[in-house]
Structure formats: C-alpha cells, structure tokens
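The values are calculated or read from the model by the stated rules, or taken from the named source; none is laboratory data. Bear in mind the structure is a predicted one, so any value in this text is a computation, not a measurement. Using ideal geometry, Cβ is built from the backbone for each residue, glycine included, and neighbour counts are taken over all protein chains shown. Remember, those area values only see protein heavy atoms, side chains included, never the ligands or the DNA or RNA. Shrake-Rupley method; radii C 1.70, N 1.55, O 1.52, S 1.80 Å.
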Amino acid sequence: MALSGCGGDDGGAADVSTDAGVTSATAATVTTVPAGEPVTAAEAATLPDGTTVTVLAYAFEPDEGATVLCDLLGESFPPTCVGPQLVTNGMDINSLPGVETTAPGDFVAPATWTARPVEVTGTLADGALQVDS
C-alpha cells in the first residue's frame, strides 16, 4: 500500500504511522479567522475560546430560550434554525436590524428572528459568543 499526498503551508499537521504493514494517516486542521472578514456560525463554533470574531448569521430567539446564531432558517412560520447553532450571551436581538416576531394572534409558538443575516461581534467563551452591547 502506498501513501502519497500534496500539501501546502496551511497550518495543518499530519501524523502518519504504520502498524503491521498497514499505513494510516490523520490530519489535524487548524481553523483560523480571516482577518477582517465575518465567519459563519458553523465556522465560529470551531474556533477556540478567547477568539474575538464577527459572525454573519441569522439571529433566532424562541419565546423561552437562548438567543442563537445560525446559518440557515427553515421555511416554517415562525422559522427555526437549521443546522449548527452558536449560542449567544449578552445580545439583545431587538437591537438588530430586520427583526421580525410572531404576533399574539398568529396561533404559533412565540419567536423573534432576523429576516436577513446580521453581523454580530463577540468573544468565544465556553462554546458561546459573548456579545458586549
């Protein structure tokens, strides 16, 4: 069995080992924040604690629950986050542009969300984005 590959200087590291004639390889990927560019909620969730980052995502807040950022909203009413979510702490969803909410007569679960992705800047801590408003 032969093992070959191409690589660049992308900050990743590879570990190649052989055991009883079997060759295996594992790669470690290091995610970095592009300078001055917002990242998705899914990308932000992979970054280490202490990283200050701007996330471009939809904000969603159910009636009783944490405000989260997500990359996609489902097409239901009210919409719900689809895919990976990033919990936020200290963010006032009503201060964001394009906020929509259910009305008491809608006969659906109360929720608030942004109609478009918004940029939110904060520092990652314990798997959440700490936003200082």
ask   = Does at least one position in the range 86-96 carry a residue that is buried (at least 18 other Cβ atoms within 10 Å of the Cβ), modelled with pLDDT of 95 or more and in a strand (DSSP E or B)?
value = yes
ask   = How many of the residues making up the range 40-53 are among the β-branched types (Val, Ile, Thr) and open to solvent by 40 Å² or more (accessible area, probe 1.4 Å)?
value = 3
query = Does the range 67-85 hold any residues that are open to solvent by less than 70 Å² (accessible area, probe 1.4 Å) and out of contact with any Cys (no Cβ under 8 Å at 6 or more places or on another chain), and which are they?
reply = 67, 69, 71, 76, 78, 79, 80
note = If we ask which residues in the range 78-133 are farther than 24 Å from residue 53 by Cβ and of a type in the set (Phe, Trp, Tyr), their number turns out to be 1
remark   = Subset of the range 97-133, residues of a type in the set (Lys, Arg) and open to solvent by less than 50 Å² (accessible area, probe 1.4 Å), comes to none
